Amino acid sequence: MDVELVYYPDPRLREVSKPVAQVDDELRDLVPRMFEVMYRARGIGLAGPQVGKGRRIVVANLQPESKKKDGEQVFVNPEILERSGQMKEEEGCLSLPGMYAVIPRAERVVVRYQDLDGKSVKREAEGLEAKLFQHEIDHLDGILILDKMTPADRKQWTPLLKELEEEFLEKSKKGKPRGGRPPL
Ligand SMILES: [Zn+2]
């Protein structure tokens, strides 16, 4: 199973991911591949739909520089139970390469998720980690930072979005056989 980073405007980024009913071998196999993709792109978090897997799973490492396994976290079926405070910081997204914008977020969140052993965890997160949960859970619901930036920012990034849209179109054309017939 090979996984690749999915970029805007791939429609898979807009689907609502399905809850993980059970941590199975397929999921356990997917996790290290997601970390690989995340490290390669120099990210700190990655959600299922960003590798074309519509399942509610998120991987993260807030200290990717260390490349230490103990920084690696896996969140299965993560959800936000409470939000408090406000912050406005610049955010980027691996699926929207080159784009940065200030996105309003809660400063603290109470989250619940399962770990890879299926154990349920409920805890508080703040600052960067709170931002990460909000950003990645948005992905699981088909929401991108694009939807949350100001209209002025969105306008400013229109050329980049157009570029990404053209690249996507080119790629999907190449992937399709001429004449629309499936190859034998
Ligand atoms: Zn993202």
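Throughout, read-outs are computed from the coordinates displayed, never taken from laboratory work. Since the model is a prediction, treat every value here as computed from it, not as a measurement. No Cβ is skipped: glycine too gets one built from the backbone with ideal geometry, and neighbour counts run over all protein chains shown.
Starting from the Cα of K173, draw a straight line to each of the lysines and keep only those under 21 Å, dropping any in the same chain fewer than 8 residues away.
Cα-Cα hits under 21 Å: K162.
Hey, could you get me the Stokes-Einstein D for region 127-177, Kirkwood radius over alpha-carbon pairs, 37 °C and 0.692 mPa s, rounded to whole µm² s⁻¹? Don't skip to the end; give the middle numbers.
Values: Rh = 13.1 Å.
For these conditions, the coefficient is 250 µm²/s.
Could you state, as a whole-number percent, how many of the C-alpha pairs of the chain are farther apart than 24 Å?
Working: 6753 of 16836 pairs.
Taking all Cα-Cα pairs of the chain, the fraction more than 24 Å apart is 40 percent.
For region 105-179, which trypsin sites (Lys or Arg not before Pro) are both in a DSSP coil and crowded by at most 15 other Cβ atoms within 10 Å?
On the way: sites: R105, R108, R112, K119, K122, R123, K131, K148, R154, K155, K162, K171, K173, K174, R178; in loops: K119, K148.
Here the sparse-neighbourhood loop sites are K119.
Starting at the first residue of region 41-51, write each ³J(HN,Hα) from the Karplus equation 6.51 cos²θ - 1.76 cosθ + 1.60 with θ = phi - 60°, in whole Hz, x for Gly and Pro.
Residue by residue, region 41-51 yields 8, 6, x, 10, x, 8, 10, x, x, 6, 10 Hz.
If I take every Cα pair under 8 Å that is 6 or more residues apart in region 16-130, average their sequence separation and divide by the length, what percent do I get for the relative contact order?
Working: 195 pairs, mean separation 23.4, N = 115.
The value is 20 percent.
With 10 angstrom as the radius, rank S84, S95 by how many other C-beta atoms surround their C-beta, starting from the fewest.
Values: S84 12, S95 26.
Listing S84, S95 from fewest to most nearby Cβ atoms yields S84, S95.
Lys and Arg at +1, Asp and Glu at -1: add these up for the other residues within a Cβ distance under 13 Å of E107 and post the number. Write down the numbers at each step before the final one.
Working: positive: R83, K88, R105, R108, K131; negative: E82, E89, E124, E126, E129.
Cβ neighbours under 13 Å give a net charge of 0.
Please report V3, V111 as a ranked list, fewest other C-beta atoms within 10 angstrom at the top and most at the bottom. Walk me through the numbers on the way to the answer.
On the way: V3 17, V111 20.
Lowest to highest Cβ neighbour count: V3, V111.
For region 38-98, calculate the relative contact order in percent as a whole number, restricting contacts to Cα pairs under 8 Å that are 6 or more residues apart. Each step should come with its number before you reach the end.
On the way: 60 pairs, mean separation 16.3, N = 61.
RCO, region 38-98: 27 percent.
So what does log10 I(q)/I(0) come out to for region 42-86 at q = 0.16 Å⁻¹, using the Debye formula with one equal point on every Cα and no solvent?
-0.54
Step through the residues of region 82-90 one at a time and calculate ³J(HN,Hα) from phi using the Karplus curve (6.51 cos²θ - 1.76 cosθ + 1.60, θ = phi - 60°), rounding each to whole Hz and writing x for Gly and Pro.
9, 10, 8, x, 9, 8, 9, 10, 6
Per residue of the chain, what 222 nm ellipticity follows from adding -39500 (n - 2.57) for every DSSP H run with n ≥ 4, rounded to the nearest 500? Intermediate values should be presented prior to the final figure.
Values: 4 runs with 53 residues, N = 184.
Calculated from helices alone, the mean residue ellipticity at 222 nm is -9000 deg cm²/dmol.
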